[in-house]
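Asks: Mind looking over this structure? Questions follow.
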Amino acid sequence: MSKQSALNTIIQAIHATNTKIVLVSSGGGTNAIASFLRQPGASNTILESYIPYSRESLAHYLLRKPEQYCSLDTTLSMAAKAFSAAKKIDTTSKNTLLYGIGITASLATLDDKKGDHRFHIVIQGQKFSKSISCILKKGLRTREEEESLITEYVIYLVAEVSGLKYEMPKHQETPEISNVIANKDWIKLMDHKIDFVSSSKLIPEIIFPGRFNPIHSGHFEMKQLAENKTGMQVSFEICIQNADKPPMSYHEIQDTLSQFTETENWVLTKAGMFIDKARMFPNCVFIIGADTLVRILDEKFYTSRKDMMNQLDLFNAFNNNFLVFGRKIGKKFITLSEVNLPDHIANRFTGFAEDVFRDDISSTILRQEKIE
């Protein structure tokens, strides 16, 4: 049997299963989508396929401009968002049968490509996220042949989750494969069965929200100042699914939590807005930057000014207070004293002066330096 016949046979077998996928590709991987769609029964497997090919389109899909368009981080976000879409599209199948697949690739072109030829493929399911990354030897294959290799890997991954046997492609290069199995509580949180996951059984006293990608010295200094001022323990809060960002993959959750030592507390939530956090953690103190406070007070995030005032009044209802640290916004360093607070919540906010804390380092800067 020829390779193409074998591919057609396994795709037809996949279509006969109950596996459902949303497949998103950028820069490469379109042949994989076409291969599934060419075989009868494709509508039984493919819930949706999306090709944000241009940089602008991919940024629109991810709701942010990627720091690298062809990277594992970007592909993880694509797959996590695709899995989230699968759950919204198919509300009758069990979540264990739904998957999101993300593909990014930088392949052979008509011009001599300066960077590596490479690809990243991620499949995200309810219980795991698995990634395959590979740098391809330049000049060894045509673009069509590179696309064919990606297609084989995608089919291998889908066959695997469908309980079918299909060998992983064999080639000169060695792919880097990572499989992260989700903690049971992560799955419950993803499925809205619990409100949060915590490293400690203690009720959080001070919550420090952020992505912490990566955590840095400024975060730890803010934590220490907050604990010194209040005498209470800080818990780092990571929101795994925010309204204006793609969901976090299990790879990203694992990498984020691995940064914390056993003596540091953390909590995972799906509370994207501070009002949601306040409801979830009444009587808690929140650590925020002045830039975050400016966003909280931005009327564009509310239906009207009256709505904003009513929403902010919930901080009084839930007895939440805030410790505000200065942050650089554009070229200016802003502290609490320069933010105009509504009178009815003003006493909820305590600021740290610039001479007490100033650290202009950010996680974004650290990620960019790592890329460079």
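The values are calculated or read from the model by the stated rules, or taken from the named source; none is laboratory data. Note that the coordinates shown come from a computational prediction; the quantities given were computed from them, not determined experimentally. Note that each Cβ is placed from the backbone with ideal geometry, even for glycine, and that neighbours are counted across all protein chains shown.
Asks: Residue by residue through the range 211-243, note down the ones that are small (Gly, Ala, Ser) and touching a residue at least 40 places away in the same chain (Cβ under 8 Å). Break it down stepwise before answering.
Replies: Residues of the range 211-243 small (Gly, Ala, Ser): 217-218, 226, 231, 235, 243.
Selection gives SER217, GLY218, ALA226.
Asks: Name the residues in the range 80-103 that are crowded, with 22+ Cβ neighbours inside 10 Å and either in contact with a Lys or Arg (Cβ under 9 Å, 6 or more places away or on another chain) or without any contact (Cβ under 8 Å) to a residue 40 or more places away in the chain (or both), would you?
Replies: ALA86, LEU98, TYR99, GLY100, GLY102
Asks: Sticking with this one: Suppose we filter the range 99-140 for residues that are under 23 Å from ILE253 (Cα atoms) and part of a strand (DSSP E or B); how many remain?
Replies: 19
Asks: A further question on this structure: Restricting to the range 341-359, and then to whatever is in a helix (DSSP H, G or I) and charged (D, E, K, R), can you tell me which residue is nearest to MET232 (Cα to Cα)? Talk me through it step by step, then tell me what you get.
Replies: First, the residues of the range 341-359 that are in a helix (DSSP H, G or I): 343-348.
Still in the running and charged (D, E, K, R): 343, 348.
Numbers: ASP343: 27, ARG348: 17 Å.
Residue satisfying both the conditions and the ranking: ARG348.
Asks: Now, a different point. Which of the residues that make up the range 268-298 are in a helix (DSSP H, G or I), over 28 Å from MET190 (Cβ atoms) and among the acidic types (Asp, Glu)?
Replies: ASP291
Asks: For the range 89-109, what are the residues that are at pLDDT below 95 and either of a type outside the set (S, T, N, Q) or within 13 Å of the chain's Cα centre (by Cα) (or both)?
Replies: Once the filter is applied, which keeps residues that are at pLDDT below 95 and either of a type outside the set (S, T, N, Q) or within 13 Å of the chain's Cα centre (by Cα) (or both), the range 89-109 yields LEU107, ALA108.
Asks: Condition first: in a strand (DSSP E or B), surrounded by 13 or more Cβ atoms within 10 Å (Cβ to Cβ) and over 27 Å from the mean Cα position of the chain (by Cα). Now tell me which residues in the range 299-340 satisfy that.
Replies: ASN321, PHE333, ILE334 - these are the residues of the range 299-340 that are in a strand (DSSP E or B), surrounded by 13 or more Cβ atoms within 10 Å (Cβ to Cβ) and over 27 Å from the mean Cα position of the chain (by Cα).
Asks: Next up: Taking the stated definitions as given, is SER5 in a helix (DSSP H, G or I), farther than 28 Å from MET190 by Cβ and touching a residue at least 40 places away in the same chain (Cβ under 8 Å)?
Replies: No; evaluated as a whole, the condition is false for this residue.
Residues checked against (1) without any contact (Cβ under 8 Å) to a residue 40 or more places away in the chain; (2) in contact with a Cys (Cβ under 6 Å, 6 or more places away or on another chain); (3) closer than 15 Å to SER106 by Cβ; (4) outside the structural domain of SER71 (by TED's automatic domain parsing):
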{"residue": "SER133", "(1), (2), (3), (4)": "no, no, yes, no"}
{"residue": "LYS137", "(1), (2), (3), (4)": "yes, no, yes, no"}
{"residue": "VAL158", "(1), (2), (3), (4)": "no, no, no, no"}
{"residue": "SER162", "(1), (2), (3), (4)": "no, no, no, no"}
{"residue": "LYS165", "(1), (2), (3), (4)": "yes, no, no, no"}
{"residue": "MET168", "(1), (2), (3), (4)": "yes, no, no, no"}
{"residue": "GLN172", "(1), (2), (3), (4)": "yes, no, no, no"}
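Asks: Hey, could you check the range 141-172 for residues that are outside any helix (DSSP H, G or I) and of a type in the set (Gly, Ala, Ser) and say which is surrounded by the fewest Cβ atoms within 10 Å (Cβ to Cβ)?
Replies: Applying the filter and picking the extreme gives GLY163.
Asks: Continuing with this model, one more query. For the range 138-171, enumerate the residues that are at pLDDT below 95 and at positive phi.
Replies: Correct list: GLY139 only.
Asks: Can we say THR45 is more than 23 Å from LEU107 (Cβ to Cβ), crowded, with 19+ Cβ neighbours inside 10 Å, in contact with a Ser or Thr (Cβ under 7 Å, 6 or more places away or on another chain) and of a type in the set (S, T, N, Q)?
Replies: On the way: more than 23 Å from LEU107 (Cβ to Cβ): yes; crowded, with 19+ Cβ neighbours inside 10 Å: yes; in contact with a Ser or Thr (Cβ under 7 Å, 6 or more places away or on another chain): yes; of a type in the set (S, T, N, Q): yes.
Answer is yes for this residue.
Asks: Let me ask another. Identify, by number, the condition in (1) in a helix (DSSP H, G or I); (2) more than 15 Å from ALA159 (Cβ to Cβ) that PHE36 doesn't meet.
Replies: The number of the failed condition is (2).
Asks: Being closer than 29 Å to VAL197 by Cβ and among the hydrophobic types (A, V, I, L, M, F, W, C) narrows it down to one of ALA353, ALA278, so name that one.
Replies: One residue alone meets the criteria, ALA278.
Asks: Which one of these is in the same structural domain as SER362 (by TED's automatic domain parsing), surrounded by fewer than 18 Cβ atoms within 10 Å (Cβ to Cβ), in a loop (DSSP other than H, G, I, E, B) and of a type outside the set (S, T, N, Q): GLU262, GLU221? Quick ask: steps written out before the conclusion?
Replies: Working: GLU221 fails: in a loop (DSSP other than H, G, I, E, B).
Going through GLU262, GLU221 in turn, just one is in the same structural domain as SER362 (by TED's automatic domain parsing), surrounded by fewer than 18 Cβ atoms within 10 Å (Cβ to Cβ), in a loop (DSSP other than H, G, I, E, B) and of a type outside the set (S, T, N, Q): GLU262.
Asks: Out of ASP191, ASP185, which single residue is of a type in the set (Asp, Glu), modelled with pLDDT under 95 and out of contact with any Phe, Trp or Tyr (no Cβ under 8 Å at 6 or more places or on another chain)? Working first, answer last.
Replies: On the way: ASP185 fails: modelled with pLDDT under 95.
Sole residue among the options that is of a type in the set (Asp, Glu), modelled with pLDDT under 95 and out of contact with any Phe, Trp or Tyr (no Cβ under 8 Å at 6 or more places or on another chain): ASP191.
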